[in-house]
Amino acid sequence: MTYRLYDFGPSPFCIKIRALLDYKRQRYERIDVNGPRFLVLRRKNPTGKVPALEIDGELVADSTDIAYALEARHPEPSVLPEHPRDRALCHVLEDWADEALYFYGLYHRWQDERGIETASKVFPLPLRPFLTPAIGGGARRQLRGQGVGRKSACQVADDLRRHLAACEALLDGQPWLLGERPMLCDFAVASQLLYLSRTPTGAERLDAFSSLAGYLERFRDLRAR
């Protein structure tokens, strides 16, 4: 089976699913929606949400839903803990990454002045003048609605420092958040950290937490293997 992945390269949620497909050794065709192919996705899925993966003729368009669908079809190597308490922790950490940590990467890409300077470079040059204000404006409205966008830069820096310290404390000498093997929460958390690391200020914030560099290197190695 070859999956078709509707993909936007910089998205942390797309990073999460690409890494998961690679880890489970599944072949997939990447369809970049950064341009005209976005219209193809909108015809299949009116929300236009990515990642979206075609599975058995159905388009699944949420990274968590995709992950559980892949786990059901390809249970080895598993990314869900066997013990109920560990599985619950995995769920909570994945949701924290997707619904809280994500907004700090988004802030440093689209609201932090240094991030805005580099964010537009991901778009094709002919479309850049149109996509940059549209995507950037949407991101800033999303940040204000969620709350991070209404905080001062100092507050955001303090919040992010606490989040990164929590990640470091969870690792505490072990390779992955829940022990010796990567779980779904690792794919979520590491993808958000990679997204953050690709912004100028976010990279500087991460540099203060040395153990997270090793964590991200292990995450990259999963895909290489």
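The values are calculated or read from the model by the stated rules, or taken from the named source; none is laboratory data. Keep in mind the model is a prediction, meaning the values are calculated, not measured. No Cβ is skipped: glycine too gets one built from the backbone with ideal geometry, and neighbour counts run over all protein chains shown. In case anyone asks, the SASA skips ligands and DNA or RNA and just uses the protein heavy atoms, side chains included. Shrake-Rupley method; radii C 1.70, N 1.55, O 1.52, S 1.80 Å.
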Check: Can you give the alpha-carbon Rg of segment 121-225 over 2.2 N^0.38 Å, where N counts its residues?
Finding: 1.26
Margin query: Once R0 is set to 25 Å, what does the formula 1/(1 + (r/R0)^6) return for the Cβ-Cβ distance between residue 162 and residue 113, expressed as a FRET efficiency to the nearest 0.05?
Written below: 0.65
Margin query: Explain nothing, just the number: relative contact order of the chain, from Cα pairs under 8 Å at least 6 residues apart, as a whole percent.
Written below: 24
Notebook entry, point to check: Fully extended, how many nm does the chain gain between residue 135 and residue 29 (0.36 nm per residue separation, minus their Cα-Cα distance)?
Noted result: 35.7 nm
Item checked: Net charge, residue 157 excluded, C-beta distance under 11 Å - Lys, Arg +1, Asp, Glu -1 -> 0
Note to self: For a quick check: with amide H placed at 1.01 Å from N, whose amide H comes under 5 Å from residue 4's, ignoring anything fewer than 5 positions away on the same chain?
What the structure shows: 29, 54
Next item on the list: With a 1.4 Å probe and every protein chain kept in, tell me what percent of the accessible surface of the chain is carbon plus sulfur.
Entry: 53
Check: How large is ³J(HN,Hα) for each residue in segment 182-190, as worked out from phi by the Karplus curve 6.51 cos²θ - 1.76 cosθ + 1.60 (θ = phi - 60°), to whole Hz, x for Gly and Pro?
Finding: x, 10, 4, 4, 5, 5, 6, 5, 4
Check: the chain: longest stretch without exposed GluC sites (Glu not before Pro) (DSSP loop, at most 13 other Cβ within 10 Å), sites themselves excluded?
Finding: 83-179
